[in-house]
1. Report, ordered by the first and then the second residue, all pairs with beta carbons closer than 6 Å, sequence separation of six or more or different chains, a first member in the range B:245-258 that is closer than 25 Å to B:Gln202 by Cα, and a second member that is of a type in the set (Ser, Thr, Tyr) and within 15 Å of ligand 2 (Cβ to nearest atom).
2. Considering only the range B:573-594, state which residues are surrounded by fewer than 21 Cβ atoms within 10 Å (Cβ to Cβ), in contact (Cβ under 8 Å) with a residue 40 or more places away in the chain and not hydrophobic (A, V, I, L, M, F, W, C).
3. If I filter the range A:58-69 down to residues being outside any loop (DSSP other than H, G, I, E, B) and without any contact (Cβ under 8 Å) to a residue 60 or more places away in the chain, which single residue comes out as nearest to ligand 1 (Cβ to nearest atom)?
4. (1) of a type in the set (S, T, N, Q); (2) within 14 Å of ligand 2 (Cβ to nearest atom); (3) in a helix (DSSP H, G or I): which one isn't true of A:Gln97, the others all being true?
5. Of all residues in the range B:307-329, which are under 17 Å from B:Arg357 (Cα atoms) and at pLDDT 95 or above?
6. Can you say whether B:Val325 is within 17 Å of the chain's Cα centre (by Cα), touching a residue at least 40 places away in the same chain (Cβ under 8 Å) and in a strand (DSSP E or B), as far as the supplied structure shows?
7. Tell me, which residue of the range A:52-63 that is open to solvent by less than 40 Å² (accessible area, probe 1.4 Å) and either under 18 Å from A:Asp31 (Cα atoms) or within 13 Å of another protein chain (Cβ to nearest Cβ) (or both) is farthest from the chain's Cα centre (by Cα)?
Amino acid sequence: MTIRLVVNGRPRDLEVAPHALLLDVLRDTLDLKGAKRSCDTQVCGACTVLVDGLAVSACTYLAVEADGRSVLTVEGLADGESLHPLQRAFVEAGAVQCGFCTSGMLLTAKAMLAENRTPTRDDVLHYLRGSLCRCTGYRKIVDAVLAAAETAR
Amino acid sequence: MSARPLRVVGHPVPRVDAIEKVTGRARYVTDLTLPGMAHAKVLRSPYAHARVRRVDVTRARARPGVFAALAGADLTWCDPYYGPAYRDRPVLAIGVARYEGEPVAAVAAVDEATAEEALELIDVDYEPLAPVMTLEEALAEDAPLVHAGQPPAGHFADLSTLRPRPGTNICHQFQFARGDAAAALGGADVVVEDAYRFPPVQHVALEPHAAVAAWDETGALTLWASTQNPYSVRVELAKMFDVPLARIRVVVPHLGGGFGSKTYAKLEPLAATLARAAARPVRLAASVPEAFQTVRRCASRVAVRAGFRRDGTLVAVACDADYDVGAYADIGPRVVQKGTYTATGPYRVPHVRLEARAVYTNTTPGGAFRGFGVPQLAWALESLFDVAADRLDRDPVDLRRQNFLAHGEEFAPGDTPIDGKLEESLSRAAEAIGWTRAPAADRGRGVAAMLKASVAPSVSEAIVRLHADGSVTVLASAVEMGQGTRTVLTQIAAEVLSVPLARVTVVQPDTAVTPYDQTTSSSRSTAMTGRAVQVAAEDVRDQLLAIAAQNLGVAARELALADGAVVAPARRLTYPEALALKFGMSGGELIGRGVIAPGRTAAPLGGSTPFWEMAVGAAEVSVDEETGAVRVERYVSVADVGRAINPLLLEGQDEGGVVQGLGHTLLEEMLYADGHLLNGTLLVYRVPRADDTPSELECHFVENADGSGPFGAKGAGEGSLIPVSPAVANALARLTGVRLRDLPLTPERVWRALRARSPRA
Ligand code: FES
Ligand code: FES
């Protein structure tokens, strides 16, 4: 079936199977490889993208559900060559190691900051419960999110 | 070493791959697509142990869209066995399936869905056999055997002497003795002993294993693989397919975490086999559940006795350790000998008897996992150390300090003398956690220390190229898996050649391009590969100095490199100018070479460790007496690293190590029942989340520039994980009086122990 959506600001008309997952459409049809597949069961958050600003697990989200909506992936986060404040904060805080969780973390953090512009450390820890990172121990990720929230103020 | 202040080494510069990672541009194996690439799926044994009487793939093969369907019996055109210690593992089960999840058949098809459907067309006739699922079952008299015959020795020279004990499930034994432990224990004033268990746990690298294999028209093989050891993988494939090493190319893009799970061949043999059969490129990407069926940490049970004099002097340790290495040896035998070798920890022990066995069971193969056998034994010894402190009525910090090996002291005859200062780490940890101040009434504190040898002997080689425009290429095969090795190598080359970081490019590992490096593991890359890069860069520097000396008429010793130029007292020659002078044109390049190959020694494991990894951990915990839930409120890690090449990345490594250690301490365990793994998915296997982390987590470093690596660095990254479980259990014991011997410290275990606790006097 045909769906019409906006991906990273660009309108797209796509032919997708009814059971196609958003993650596969993004990665394979649109060649946007930033969202990662890991647990495939909505636990780890590596595949997180924003649909109309809300964080969703693209591994378990049907592409057809995105019909008429606006999808943001990590590739659309920067403004041209100018990094989004969250991206900059992740770089500076050392919040990136292997990078496999990073795009999901960034988009989850973006969704959180849209809801809560002045999060506490506990707010961030709680919000990131659905985003696993096996490398960093989370501390620098939380630091980065708090720093980005600070800059945005 | 010149006294010049360091420009980039020692500075917390952001990682060189950070931008590509935060923009989603970093490429991992599963992001790659080749023209005509097929997708593979694997049919796995539903039984822990079964005779595979017949596998019929004809219907699968006939299905449209299927390019190849293979069973073990089809692999007559290659040597289907591989393995770094013993080549005991078939690419696809041959005759017997030895664990639940063992690959039995595989399909390559036009897409994943077709491959998946084709798997359902494969008929397998299994005859279930009695499995051995635990150490106890495997070591019982008349236990069913996981392996009936003896496998040929693998490609490791230092493991070629390994022999399984015929007629048993014992896959390897290791012994080490010094002095007379039995007599010393007999004569000791205080003897403590206990037995400790460490669970099987999985690495849960966020990126599961993946490989893309392609044979070209000349019969050469290229693999893009998520591996920590491209060169070991190359050896395995060369043996399997009887192809010269030079015709196998292993390319390693970014890894989404490794932690040991991606050491040695994993999916690569099957991917290459399918690609050959399908006559086209094949992509094989594991799911998370399949990663649980690929490798795990070796579980253990350890009985340890320690004898002390009344004054607290440790005189003897006897240790019997059994490690469950699962259905195939993988690198388990070396995990066992390496872990057991340092069973006595960072202490001076005159009388030692260590015995360890690697035991086959019908479970997921055990292999390397951050700490490589040491966490299992440190859990035992460091827990027992606190029991001893109690019996001796001594402070656990003081008792450890009294028995630490000193800087320069011998650990074992022929091995590297101790190259760090444990007492400094311990003092810093004790101070940071506030050891001498009483904790709040509902908090308890504990400490633990560790010592680990790195792999030896080992080889790292590097090439550094200085181009006509003054930019630099570093060729080295240390794998970037998140630990930051690409950044560290960049810093080292930039430091030696006095160029900005942005002028240095470290090429991704590619066995056709980047020179030999044994393995990215054992915390060795900074010390060994980093040293090779330093030597290679110094080779280029010396060539530059020679060119300048000749052209400026100045002695080389009066020249130095600064800001991309050779500077003499009154003149300077930029690198492009120097190269133009040398080549008489604006072309040509300088090539430097670095080889670090210390070779074999008389040390007990065959080579002297290039450095000792040493660290101390201190925990402050609370416990909910109603539920038994333990919470680590504060944690301090101090590692003796010689020099932090990049303090930001190092801190990140150790923070991650501590939290990973909290996983097996509080949460993680692969649970088996009735021959089945019960929790091999992330829905039920709980790894630490953001809200499981300590409220305060500090990672400190002792830097005395006393390491053999570049700029005095030693290895790091495993040390922080190892003290976590004993430090937490020691803290819990000091808070509650309850001593737990089995990990993880689940609420249920703790609650039961609290209930069973005899009222304290
Ligand atoms: S891959 Fe989607 S949540 Fe893990
Ligand atoms: S950086 Fe590796 S999983 Fe988060």
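1. Close Cβ pairs (under 6 Å, with a partner that is of a type in the set (Ser, Thr, Tyr) and within 15 Å of ligand 2 (Cβ to nearest atom)) amount to B:Pro253/B:Tyr28; B:His254/B:Tyr28; B:Leu255/B:Ser226; B:Gly256/B:Tyr28.
2. Of everything in the range B:573-594, those that are surrounded by fewer than 21 Cβ atoms within 10 Å (Cβ to Cβ), in contact (Cβ under 8 Å) with a residue 40 or more places away in the chain and not hydrophobic (A, V, I, L, M, F, W, C) turn out to be B:Thr574, B:Pro576, B:Ser586, B:Gly587, B:Gly588, B:Glu589, B:Arg593.
3. Among those that are outside any loop (DSSP other than H, G, I, E, B) and without any contact (Cβ under 8 Å) to a residue 60 or more places away in the chain, it is A:Cys59.
4. Here A:Gln97 clears every test but (3).
5. Matches in the range B:307-329: B:Ala318, B:Cys319, B:Asp320, B:Ala321, B:Asp322, B:Tyr323, B:Asp324, B:Val325, B:Gly326, B:Ala327, B:Tyr328.
6. Judged against the criteria, B:Val325 is a match.
7. Here the residue is A:Ala63.
Conditions (1) in contact with a Gly (Cβ under 9 Å, 6 or more places away or on another chain); (2) in a loop (DSSP other than H, G, I, E, B), marked per residue:
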{"position": "B:Glu480", "(1), (2)": "no, yes"}
{"position": "B:Gln483", "(1), (2)": "yes, yes"}
{"position": "B:Val488", "(1), (2)": "yes, no"}
{"position": "B:Ala527", "(1), (2)": "yes, no"}
{"position": "B:Gly530", "(1), (2)": "yes, no"}
{"position": "B:Asp539", "(1), (2)": "yes, no"}
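The values are calculated or read from the model by the stated rules, or taken from the named source; none is laboratory data. What you are looking at is a predicted structure, and each value in this text was computed from that prediction instead of being measured. Every residue, glycine among them, receives a Cβ derived from its backbone with ideal geometry; neighbour counts consider all protein chains shown. Remember, those area values only see protein heavy atoms, side chains included, never the ligands or the DNA or RNA. Shrake-Rupley method; radii C 1.70, N 1.55, O 1.52, S 1.80 Å.
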